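The structure appears below as structure tokens.
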Amino acid sequence: MKSENRRSFLKSGMALGATMAAVSSVASASSFSPSDSETKSSAPDKRILGSGKHKLEVSALGLGCMGMSYHRSFVPDKKAMINLIRNAYDLGVTFFDTAEAYGPMVNEELVGEALIPIRKKVIVATKFGFKDGKPANGLDSRPERIRQVAEHSLKSLKTDYIDLFYQHRVDPNVPIEDVAGTVKDLIKEGKVRNFGLSEASAEVVRKAHAIQPVTALQSEYSLMTREPEKDVIEVCQELGIGFVPYSPISRGLISGYINERTKYVNSNDNRQSLPRYQPDAIVANWPLIQLLKEFGDQRGLTVAQVALAWLLAKKPFIVPIPGTTKLAHLQENMWAANYAFQPGELQKLNEDLSKIEIVGARYTGVQAEQTRK
């Protein structure tokens, strides 16, 4: 019997080694060659953003690519990030998020280069809405600027169409009808396939949708930021619009990896200026981390996985886009899509969550809320 168990153990070890070797083989950018018949055992289920003629089928979890080149302290090696994006596809991710403002410009170039071998198999979302692509310069969604960004994004992404083109922030100086109309024209021209909005109110969503059907609304939504529950998620459900939460792990805060001693790189990280990331606020909000940890400990889940599973369970048209620069965290996030709450579990978790008050605002000032992620 002992001999039998040892042989089984060795077989399992060999299988694991083969699996690790397969994962390692896709880490080389030069040798990456995905096959149509390849299987993705850890691939998350598919979800639909939008409805009718204006819908997209995407993985249940997308990948936010901003932090690979912008606003998250260190800037990783470009080749490593290209490999990470391609590994994400191998793990089942088919939805990739970038923007002109990330860098600016350089993040689109990174994403475009990484996706060349698999461009027709994935959905790429990018954004317009800032003067010269720089949030610090203010908003600019004039029709001529939208067209300029579209042409530049096509070039940066090394593609001839944009799957999902978001207005990054609502521009009070440009009627949303003009914005939607301009994107509608770009769709007719074949340069854009779907229209999206970011951080838009329910009223703005309705006005835009009347001109050009909105496929997705992207806004910050997590266990620490639940404002979308007030009305915009309801409007999305009513109109058949997908909802894409950015910062679903609250810029790493909900993962538990950030604490009151965490240091940020001044030149490339906006978290240091945000109220919720100050030492006192982190300590005050720690009961949320502890609650998620206790829930996850009993079910073999990490804190981040519980947070993502909670979002996925809210609505079937919700597709979070957690960002990461680490393969281990990417895999961790993807596994969250496999968790299904048992009867009563989600209700009990929500009851416990309702007792926790979040300390610290998302941003400082109205202008910051309009222009910064």
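For the range 335-352, filtered to residues that are of a type in the set (S, T, N, Q) and assigned to a helix (DSSP H, G or I), the residue that is surrounded by the most Cβ atoms within 10 Å (Cβ to Cβ) is Asn350. Set side by side, the residues Thr159, Thr182 differ, and just one is assigned to a helix (DSSP H, G or I) and either in contact (Cβ under 8 Å) with a residue 60 or more places away in the chain or among the hydroxyl-bearing types (Ser, Thr, Tyr) (or both), which is Thr182. Restricting the range 162-179 to residues that are more than 25 Å from the chain's Cα centre (by Cα) and assigned to a helix (DSSP H, G or I) leaves a set whose member that is surrounded by the fewest Cβ atoms within 10 Å (Cβ to Cβ) is Glu177. No other residue among Ile123, Ile116 is surrounded by fewer than 19 Cβ atoms within 10 Å (Cβ to Cβ) and touching a residue at least 40 places away in the same chain (Cβ under 8 Å) apart from Ile116.
Every listed requirement among (1) among the acidic types (Asp, Glu); (2) out of contact with any Lys or Arg (no Cβ under 7 Å at 6 or more places or on another chain); (3) in contact (Cβ under 8 Å) with a residue 24 or more places away in the chain; (4) closer than 23 Å to Tyr363 by Cβ is met by Glu332 save one, (4).
Restricting the range 234-264 to residues that are among the hydroxyl-bearing types (Ser, Thr, Tyr) and surrounded by fewer than 21 Cβ atoms within 10 Å (Cβ to Cβ), the residue that is nearest to Gly67 (Cα to Cα) is Tyr264. For the range 75-101, the set of residues classified as part of a loop (DSSP other than H, G, I, E, B) and either under 20 Å from Leu56 (Cβ atoms) or in contact with a strand residue (DSSP E or B) (Cβ under 9 Å, 6 or more places away or on another chain) (or both) consists of Leu91, Gly92, Val93, Thr94, Thr98, Ala99, Glu100, Ala101, listed by residue number. When the range 192-233 is filtered for residues that are closer than 14 Å to Gly181 by Cβ, of a type in the set (Gly, Ala, Ser) and surrounded by fewer than 21 Cβ atoms within 10 Å (Cβ to Cβ), only Ala210 remains. For Glu294, the test of being of a type in the set (D, E, K, R), more than 19 Å from His71 (Cα to Cα) and either buried (at least 16 other Cβ atoms within 10 Å of the Cβ) or in contact with a strand residue (DSSP E or B) (Cβ under 7 Å, 6 or more places away or on another chain) (or both) is failed. Of all residues in the range 353-370, those being at pLDDT 95 or above and assigned to a helix (DSSP H, G or I) number 1. Taking the criterion of being of a type in the set (S, T, N, Q) and surrounded by fewer than 15 Cβ atoms within 10 Å (Cβ to Cβ), the only residue of the range 126-161 that qualifies is Asn137.
Of the residues making up the range 212-227, at least one is part of a strand (DSSP E or B), modelled with pLDDT of 95 or more and β-branched (Val, Ile, Thr).
Only residues that are more than 13 Å from Val124 (Cα to Cα) and of a type in the set (D, E, K, R) were counted in the range 53-70, giving 2. Within the range 265-285, the set of residues being of a type outside the set (A, V, I, L, M, F, W, C), crowded, with 18+ Cβ neighbours inside 10 Å and not in a helix (DSSP H, G or I) comprises Asp269, Asn285. Could you grab the pairs with beta carbons closer than 7 Å, sequence gap of 6+ or different chains, first residue in the range 221-235 and farther than 20 Å from Asn285 by Cα, second one in a loop (DSSP other than H, G, I, E, B) and of a type in the set (D, E, K, R)? Close Cβ pairs (under 7 Å, with a partner that is in a loop (DSSP other than H, G, I, E, B) and of a type in the set (D, E, K, R)) amount to Ile233/Lys315.
Okay, residues lined up against (1) crowded, with 19+ Cβ neighbours inside 10 Å; (2) farther than 29 Å from Asp90 by Cα; (3) more than 22 Å from the chain's Cα centre (by Cα); (4) hydrophobic (A, V, I, L, M, F, W, C):
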site	(1), (2), (3), (4)
Ala313	no, no, no, yes
Pro316	no, no, no, no
Pro322	yes, no, no, no
Thr325	yes, no, no, no
Ser354	no, yes, yes, no
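The values are calculated or read from the model by the stated rules, or taken from the named source; none is laboratory data. What you see is a predicted model, and the numbers here were worked out from it, not measured in a lab. Here the Cβ is made from the backbone with ideal geometry for all residues, glycine too, and neighbour counts use every protein chain on show.
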